[in-house]
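Input: a single structure, listed below in structure tokens.
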Amino acid sequence: MANARPAAEPADAGWTAAVFAGGVTLLAAVLFFGIATRVSLANDIDVVARAGISRVLRGGIPDLVDTFVLIVLMFVGYAAALWALAQGFRRALPATLGGTVLCSLAMLPAMPLTSPDAVHLAADVRTFWLHGKWPADFGGTPDKVDDPVANEVRVYRDSPSGYGPLAYIIGGAPLPFVGDGFRANLLGQKVVAGAFLLATAVAAALVARRLGGNPAFTAGFIGLNPMMLWQYPGDGHNDTLMAFFGVVALGLAVEPGWRSRAGAIAAGVASVLCKYALLLAAPLVVAYWFPRWRQAVAGVAAGLGLLLLAAYAFDFAPVRNGTLGPATAVAPSNPWGVVAGLFSLGARGNDRLVFFSYVIALAILAAVAARHPLQTGRDFARAVALVMGLFLFAASPGFLPWYLVWFLPFAAIGASRWQLWWAGSWSAAAFLPVLALNWQISINRAWNIPEPVRWSVVLAWTLTLVATWLGAHIGSGGAPRPIAARRSTGPRFAPRKRTDRSARRRTAQTSSR
């Protein structure tokens, strides 16, 4: 798996386009007929509000096996589409965007399958817009608001959400069209999440084109990813808002001139105002723009990060659990959750584990900021992907599968072969803990597997590592055709490479004489 712009339309482009169409058709058909119509929003409101695919598919192991087979089929369609996009065919980018829209529409009828967050979000948006309360504070929790949607929240009813103000502002877009109906409001948030998944794919494609990559492959890698389709137009999470502005920020950051830099800063701030996760990559921007300061940037980033961790450790407002939300949780669907479960750490032990994990994250950030190549725009994208990917894979105790959108677009833009395999294989393997969480009782009873979630995490992380190594080292497979007549991966962007307008004008006048 790789990502480079095809040199020209291949002779067998018709066959390649047919493979793409077949892959997208398979993916959309499985999403609609295999998932959305089986666990749809037409279910009883109480079931939808509580979420959980196994609460609707109550057949135990047979339903688990059927769902697993459907997920495999989705990734077969995804792999076929990516192979075709890597080879190239006429109008591949419009076809990819059309396929993303089709697959997103296929998933919209599904109830939130693996998380109740969209139900809470639908209520939070109304709390912000219609009731004038702040949903990220304990005074704005659903149990404090008399609202027809807030009254249907069943999970985390007395807990605040942890998004930024821009996420609630954008999330209010469907309100003029959805009335007070619970299903309509929930569907509105799913539409917003799906629309920004498409927007993220488009933005990443444009950045990839600027850096000499394959824009269609980049868009398809993001927008046709089954995990992304499951989690955004399916489950209605809003991380795609943050991802979109983050990709825009990266695209502007690699352009020369302070006007683009200012735009990058504005887009980066917008990303953080949706959700703060990509703030972790901010020091890389400074290191990229000012390469002479790289070591200082790495030191300052580590120092400030340790201060924030200390503020959290000593419960210094506003750095508290109520505002940091999932950033301070230990989820069972990642290796840190396995460690916490194995040693029965308890609340205090989990707090220490969270602290230690973020120290590791800061060490990763400092090392990448200090040592990773940052000569080109593609280098920069790979550095961001490395920081976000390692944070999620090795240093985030609260990792949940929809967080992969923090990593996926930057891996696609950077086009490092091993990062593409890492992101793609992890997207598939991350379904294993999802299934184990939902059917853990059935797995334990039928197959006598104790702690199936724990074993699923070990298997998922192991399979990801193996697939990444194999994909990076064995053969070229469906690697894209090479770039023609363009070797640069992107603009070198540092002060010493910049040529201002007056200098270009003087050069032009000299050459005309």
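The values are calculated or read from the model by the stated rules, or taken from the named source; none is laboratory data. A quick note: this is a predicted structure, and the numbers were derived from the prediction, not measured. Here Cβ is always computed from backbone atoms with ideal geometry, including for glycine, and neighbour counts include all displayed protein chains. Keep in mind that these areas ignore ligands, DNA and RNA; they rest on the heavy atoms of the full protein, side chains included. Shrake-Rupley method; radii C 1.70, N 1.55, O 1.52, S 1.80 Å.
Annotations
- Using the Stokes-Einstein relation with a Kirkwood hydrodynamic radius computed over Cα pairs, the translational diffusion coefficient of the stretch 177-234 at 10 °C and a viscosity of 1.306 mPa s comes to 129 µm²/s.
- Between Arg259 and Arg58, the modelled labels are 6.3 nm apart [label points 7 Å from Cα along Cα→Cβ].
- Average silhouette area of the stretch 434-473, convex hull of alpha-carbon atoms, in square nanometres: 2.9
- Here the chain is treated with +1 on each Lys and Arg Cβ and -1 on each Asp and Glu Cβ, and its dipole about the Cα centre works out to around 2640 debye.
- Among 450-460, 297-307, 199-209, the peptide with the highest mean count of other Cβ atoms within 10 Å heads the list, and the full ranking is 199-209, 450-460, 297-307.
- Ordering Ser40, Ser357, Ser159 by Cα displacement along the dipole of the chain toward the positive end leaves Ser357 in first place; charges were set at the Cβ atoms of Lys, Arg (+1) and Asp, Glu (-1).
- By the combined test of axial Cα extent (at least 15 Å) and Kyte-Doolittle hydropathy (mean at least -0.5), the qualifying DSSP H helices of the chain come to 13-29, 61-87, 92-107, 117-130, 182-210, 239-253, 258-274, 294-313, 346-371, 377-394, 417-429, 452-473.
- Across all Cα atoms of the stretch 74-222, the radius of gyration (one decimal) and Dmax (whole number) stand at 18.4, 55 Å.
- 5 Å binning of all Cα-Cα separations within the stretch 252-299, expressed as whole percents from 0 upward: 5, 22, 26, 24, 19, 5, 0
- Charge context of Leu386, other residues only, Cβ under 14 angstrom, K/R +1, D/E -1: +3
- Intensity falloff of the chain expressed as log10 I(q)/I(0), Debye formula with alpha-carbon point scatterers, at q = 0.12 Å⁻¹: -1.16
- By the rule of a C-alpha distance below 16 Å, with chain neighbours fewer than 8 residues away ignored, the aspartates and glutamates paired with Lys144 are Asp124, Glu152, Asp158.
- Residues of the stretch 399-435 with amide N under 19 Å of the 7 Å Cα→Cβ point at Ile449: 401, 426-435
- Each of Tyr288, Tyr358, Tyr276, Tyr156 has its accessible area taken with a 1.4 Å probe; listed largest first, they run Tyr156, Tyr276, Tyr358, Tyr288.
- Neighbour net charge for Ala411 - beta-carbon separation under 14 angstrom, K R +1, D E -1: +2
- Taking label points 7 Å from Cα along the Cα-to-Cβ direction, Ile169 and Arg371 give a separation of 4.1 nm.
- Note on Leu304 and Phe177: their simple-model spin labels are 3.9 nm apart, each label 7 Å out from Cα toward Cβ.
- Computed over the stretch 120-205, the ratio Rg/Rh where both radii use C-alpha atoms and Rh is Kirkwood: 0.99
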